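The values are calculated or read from the model by the stated rules, or taken from the named source; none is laboratory data. Keep in mind it's a predicted model, so treat the numbers as computed, not measured. Cβ placement follows ideal geometry from the backbone for every residue including glycine, while neighbour counts extend to all protein chains displayed. Heads up: the accessible areas ignore ligands, DNA and RNA and are worked out on the full protein's heavy atoms, side chains in. Shrake-Rupley method; radii C 1.70, N 1.55, O 1.52, S 1.80 Å.
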Amino acid sequence: MTQQFKANNNLYRFLPIISFALVLILWSLVSFNNPNLIPSLLDIWNRFTLLLVEPLSGATLTGHIWASLLRVLIAFVLVIFIGIALGVLFGWYFTFNSLVYPVFEILRFIPPIAWIPLVILWLGIGEAPKIAIVFIGSITPVVMNTYAGIKNIDKLIIDAGRVLGADRRQLLFEVAIPASIPQIIAGIKTALSGGWMCVVAAEMIVARQGVGFLIVRGQESGDTALIIVCMITIGVVNSLLSLLLNKIEKVSTPWRI
Amino acid sequence: MIGKNRRTKIILGIIGIISFLLIWQFVVDFEIVSSRTLASPIEVYQAFVVKLSEKAPDGATLGQHTLASLKLALTGFVVAIIVGVPLGLVMGYYKFADKLIMPIFELLRPIPAIAWIPLTILLLGIGFEAKVFLIFLSAFVPCVINSYLGIKLTDPTLINVSKTFGASDWDIFTKICIPSSSNMVFSGVTISLSNAWTTLVAAEMLASTRGLGYMIQLGRTFIRPDIIIVGMLTIGAIGAVIAYGLGMIQDKVAPWREEE
């Protein structure tokens with residue numbers, strides 16, 4: 001029985017490695033038989049190292065990543081301020097909520113990508129439209145989570161604050177907002193991965209730099225290796241961003257398990 | 001008291017929406033924003049009525065575009081459910097499948113469906129299959145993840161009780177784990193559908209000859225903000241109907257679920 005268990009455990013440890021190996025072998029087989037359609041793993045690696053040193057459209061791979069990240073970053077500063085403020089207003093002030101929330105509710109169902117044509121008409125094709133798209137794409141989760149966080153606060157905490165003599169302003173800034181930080185951070189997490197997707201989409205439609213631009217360039221020149229390098233890059237950056245936010249979450253809400 | 005509060009809320013809401021529309025109308029009327037880049041609500045309404053029967057300038061009426069988009073989104077969505085939910089359930093219950101498939105899945109998951117568009121176009125072209133594949137990709141992930149988590153979160157007490165009463169492995173899987181995960185599965189499906197709808201717009205904007213995404217993209221080319229806004233509102237309205245519809249179905253199917 002124990003031996004059986006041990007054998008199983010060993011099997012489970014190696015299974016992920018086996019599955020990766022299978023994928024790589026399968027890939028190599030397919031690319032060996034259709035070299036024009038699917039580049040080999042070596043080709044992809046070579047494309048990647050080439051892109052690291054040789055600029056394409058004025059920037060190396062790191063330059064393009066930085067261009068995209070900068071857009072997300074700028075939009076995010078705005079999203080965090082405006083989004084949290086809106087969410088707090090929705091959650092705390094009855095009149096503001098009843099007046100403005102219905103409009104927000106109508107707009108929030110329009111996917112951010114559907115804003116791209118209109119935003120390009122408004123802001124042209126410079127940096128501003130991409131930042132605006134990221135802003136639109138990432139503000140909804142921040143507002144919704146802040147709103148839900150404030151609304152669902154344990155009544156007990158509010159009452160306790162009141163009993164201890166807090167005024168309304170103190171209740172908001174010293175009780176309600178701190179209590180909803182976990183929810184707000186969860187919203188920011190969703191928003192960041194949404195924002196990263198939006199920047200890629202916006203760059204795919206109009207841009208001269210950024211990973212979204214790079215991937216479309218790959219498509220236009222039939223450079224499949226470049227496309228795959230970009231896809232992997234986009235995935236890796238996305239994972240790193242969520243790792244970073246997980247860290248921030250742990251540091252900023254140490255009382256949560 | 002609550003009734004009165006509710007009435008105030010509704011009245012204020014209507015005032016809010018009306019003032020939003022009025023401000024929008026004024027902004028266009030007084031040329032604060034050029035009418036070449038923003039259409040007023042009245043123009044949008046007129047464009048909507050015209051678009052219902054008129055094919056110009058993008059080759060199809062609003063109804064035809066909507067139908068094309070819905071057909072695409074639903075096909076990709078249904079395939080994603082058929083493949084994704086069973087896969088997630090099996091991965092959640094059988095460790096072998098979990099260890100074999102999960103690593104690859106985790107590797108592919110961070111790549112948004114939009115980033116798959118160029119490769120898909122090169123390999124599959126810009127036809128129906130290509131777009132269904134993209135929508136499938138975006139809808140597939142939440143189906144798998146939620147089904148997987150649903151199984152993993154099954155109350156161990158339930159499993160132990162059924163083991164004590166001599167249930168087989170298969171019985172536990174089908175009669176305990178799957179029913180208890182149904183809520184998670186359902187919310188996964190809900191997320192899938194809204195993902196599918198977003199990806200659809202992107203796919204149609206980059207590669208299509210029909211559909212709502214194509215319509216707004218052409219609206220930009222022709223500098224017709226009224227058509228763009230009609231398209232955006234249609235996309236939003238259908239998204240909202242889908243979201244509320246699924247919410248209602250969920251209440252019917254799983255009425256025991258806890259209110260959030």
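Summary table below
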item: Chain-alone versus full-assembly comparison, the range B:193-221, residues with accessible loss of at least 20 Å² (1.4 Å probe); result: B:T198, B:V201, B:M205, B:L206, B:I216, B:R220
item: Unit charges on C-beta of K, R, D, E only; dipole of chain B, Debye; result: 200
item: Sites excluded, trypsin sites (Lys or Arg not before Pro) in DSSP loops with at most 15 other C-beta within 10 Å, longest stretch of chain B; result: B:56-256
item: Part-to-part distance (alpha-carbon centres) for the range A:35-55 and the range B:217-250, which is given in Å; result: 39
item: Interface residues in the range B:64-113 - accessible area drops by 40 Å² or more relative to the isolated chain, probe 1.4 Å; result: B:K95, B:F96, B:K99, B:L100, B:P103, B:I104, B:P110, B:I111, B:P112
item: Residue-level accessible surface for B:L100, protein heavy atoms, 1.4 Å, Å²; result: 50
item: Where the range B:168-260 is the region considered: accessible area per residue in Å², 1.4 Å probe; result: 46
item: Two-site FRET efficiency, A:F96 against B:F30, from Cβ-Cβ distance with R₀ of 30 Å, rounded to 0.05; result: 0.70
item: Percent carbon-and-sulfur accessible area, the range B:35-83, ignoring ligands, DNA and RNA, probe 1.4 Å; result: 71
item: Residue range of chain A that is longest and free of chymotrypsin sites (Phe, Trp or Tyr not before Pro) which are both DSSP loop and sparsely packed (at most 14 other C-beta within 10 Å); result: A:94-254
item: Cα-derived Rg over Rh, computed across the range B:68-222 with Rh taken as Kirkwood radius; result: 1.11
item: Sum of side-chain charges, A:F48 neighbourhood, beta-carbon under 14 Å (Lys, Arg +1; Asp, Glu -1); result: -2
item: Probe 1.4 Å, accessible area per residue of chain A, Å²; result: 52
item: Interface burial for B against A (accessible surface, 1.4 Å probe, total of both chains, Å², rounded to 100); result: 4500
item: Using alpha-carbon coordinates, inclination of helix B:178-206 to the longest axis of chain B, degrees; result: 30
item: Cα-based shape type of chain B, given that a ≥ b ≥ c are square roots of the gyration tensor eigenvalues and the cut on a/c is 1.5; result: oblate
item: Pairwise FRET efficiency - B:D171 versus B:I18, Cβ, R0 = 51 Å, nearest 0.05; result: 0.30
item: Per DSSP, loop GluC sites (Glu not before Pro) in the range B:6-82 with at most 10 further Cβ within 10 Å; result: B:E31
item: Surface/4 estimate of mean projected area, convex hull on alpha-carbon atoms of the protein assembly as shown, nm²; result: 29.7
item: Residues losing 20 Å² or more accessible surface upon assembly, the range B:2-31, compared with the chain by itself, 1.4 Å; result: B:N5, B:K9, B:L12, B:G13, B:G16, B:I17, B:F20
item: Dipole in debye (nearest 20) - the range A:60-188, about Cα centre, beta carbon charges: Lys, Arg +1; Asp, Glu -1; result: 60
item: Tilt relative to chain A, helix A:94-108 - C-alpha long axis, 0 to 90 degrees, to 10; result: 20
item: Members of A:K189/A:K247; B:K152/B:K175; A:K155/A:K250 lying beyond 18 Å, as alpha-carbon distances in this model show; result: A:K155/A:K250
item: Accessible carbon and sulfur surface of the range B:102-187 relative to its total accessible area, %, 1.4 Å; result: 70
item: Computed helical MRE - 222 nm, the protein assembly as shown, DSSP H runs ≥ 4 contributing -39500 (n - 2.57), nearest 500; result: -26500 deg cm²/dmol
item: Cβ-derived FRET efficiency at R0 22 Å, B:I126 paired with B:I223, nearest 0.05; result: 0.35
item: Whole-Hz couplings from phi, Karplus 6.51/-1.76/1.60, listed for the range B:21-31; x for Gly and Pro; result: 5, 5, 4, 4, 4, 5, 4, 7, 4, 8, 6
item: Simple Cβ-charge dipole of the protein assembly as shown, Lys/Arg +1 and Asp/Glu -1, about Cα centre, in debye nearest 20; result: 700
item: Carbon and sulfur %, accessible surface of chain A computed with the full protein complex present, 1.4 Å; result: 70
